[in-house]
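Report on the structure given below.
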Amino acid sequence: MKTIAPTQPALIRRAGLSLLSAILIAGLAACAGTPPTAQMALSKAAVERADTSAAVDAPVQVAAARLKLSQANAAFANKDFELARRLAEQAEADATLAESQARSARSARSLAEVREGIRQLRDEMSRK
Amino acid sequence: MKTLTLSPKTSTLLLTGLLLGACASTPPTPPPALVDARQAVANAAADPMVRLHAPLELKTANDSLSRANALLLKGDASSDLDSAAYVAAQQARSATAVAQAKSSDAAVLSSEAERERARADQRGRELERSRSQTGVAQRQAAAAEQAEADATLAESQARSARSARSLAEVREGIRQLRDEMSRK
């Protein structure tokens, strides 16, 4: 009975060919870089958060984050994915810093208010 | 006594090994961004408030710094290294800011408790004061009542004295009238 299956050497050749093409594809992908889609989304979310919570208390950091995000978007559009990823990571770090600085400023203000309240209360008590 | 003797081959091997080791352990010069990042992460890690209030943020910064350090060791002195270092430094500053925010929040809570205690003290003192004022007023009222009673007593005594006097006067009048009548 004649088999339709290819002979053993042919099988090996075919396997070798697919392995080679896999390596080639992987290599090409590494060259071009994979689109940092997840990082872009993370950075966008972080900048939006900072925009709503830190625009008043940390405007410089928010502006820096926004600028870097727009640069990252431009790099992404140009398919310069490595640059896009770097800029997006920086934008996220800037946005997070803006948020924490704003939070720190707000907490410091509340503390100053409470302390001032206590001072006034003490004054009142000592006057009586 | 046993002396340590090395064959020329062994010595060469040892020497080569040492030299290679020295080569490998000489760290490449870090770029300014990495120097800055190492400093920022070290500052954050040395702050007990950061360790207490922002351990996750500190770990994030540390991980980014490790990535930058690994890139340096790989000889990857590209903008990738600079970027990782920049991110690590910003994350370290974030950790510090978060720690400041949280310790301020904690101070707000304890200050509010202190304020409530002070208010309670004040209310207590006011209550005490009004109580003592009430006592004074009660004593004054009692004294006034006593005086009133004294006055009433005095008045009634006076009235009875007056009545006694007028009775005597009336009797004296009657006696004089009788004298006059008997003389006539």
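The values are calculated or read from the model by the stated rules, or taken from the named source; none is laboratory data. The structure displayed is predicted, hence computed values, not measured ones. Note: ideal-geometry Cβ built from the backbone for every residue, glycine included; neighbour counts use all protein chains shown.
Can you tell me which of B:ARG129, B:ARG171 is surrounded by 10 or more Cβ atoms within 10 Å (Cβ to Cβ) and under 30 Å from A:MET125 (Cβ atoms)?
B:ARG129
Matching residues to (1) surrounded by 11 or more Cβ atoms within 10 Å (Cβ to Cβ); (2) within 30 Å of A:GLN120 (Cβ to Cβ):
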| residue | (1), (2) |
| --- | --- |
| B:ALA46 | no, no |
| B:LEU56 | no, no |
| B:SER66 | yes, no |
| B:ASN69 | yes, no |
| B:ALA92 | yes, no |
| B:ASP121 | yes, yes |
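Could you grab me the full set of residues in segment A:90-102 that are crowded, with 24+ Cβ neighbours inside 10 Å and of a type outside the set (S, T, N, Q)? Within segment A:90-102, A:ALA91, A:GLU92, A:ALA93, A:ASP94, A:ALA95, A:LEU97, A:ALA98, A:GLU99 qualify.
In the set A:SER70, A:SER43, only one residue is assigned to a helix (DSSP H, G or I), farther than 24 Å from B:LEU65 by Cα and under 13 Å from the mean Cα position of the chain (by Cα); that residue is A:SER70.
Among the candidates B:ASP76, B:ASP82, single out the residue that is within 22 Å of A:LEU83 (Cα to Cα) and without any contact (Cβ under 8 Å) to a residue 24 or more places away in the chain.
On the way: B:ASP82 fails: without any contact (Cβ under 8 Å) to a residue 24 or more places away in the chain.
So the residue among B:ASP76, B:ASP82 that is within 22 Å of A:LEU83 (Cα to Cα) and without any contact (Cβ under 8 Å) to a residue 24 or more places away in the chain is B:ASP76.
Considering only residues that are more than 9 Å from chain A (Cβ to nearest Cβ) and among the hydroxyl-bearing types (Ser, Thr, Tyr), look in segment B:61-104 and name the one that is farthest from the chain's Cα centre (by Cα). Per the stated criteria, the residue is B:SER78. For A:VAL47, the test of being modelled with pLDDT under 95, in the same structural domain as A:SER100 (by TED's automatic domain parsing) and under 30 Å from A:SER107 (Cα atoms) is failed. Within the bounds of segment A:46-64, is there any residue that is within 10 Å of another protein chain (Cβ to nearest Cβ), surrounded by 14 or more Cβ atoms within 10 Å (Cβ to Cβ) and not in a helix (DSSP H, G or I)? Yes, segment A:46-64 contains at least one residue that is within 10 Å of another protein chain (Cβ to nearest Cβ), surrounded by 14 or more Cβ atoms within 10 Å (Cβ to Cβ) and not in a helix (DSSP H, G or I). There is at least one residue in segment B:97-115 that is in a helix (DSSP H, G or I), at pLDDT 90 or above and under 18 Å from A:GLN90 (Cα atoms). Just one residue in the set B:ALA144, B:ALA107 is away from chain A (no Cβ under 14 Å) and either small (Gly, Ala, Ser) or closer than 18 Å to A:ARG122 by Cβ (or both); that residue is B:ALA144.
Scanning segment A:73-108 for residues that are charged (D, E, K, R) and more than 9 Å from chain B (Cβ to nearest Cβ) yields a count of 2.
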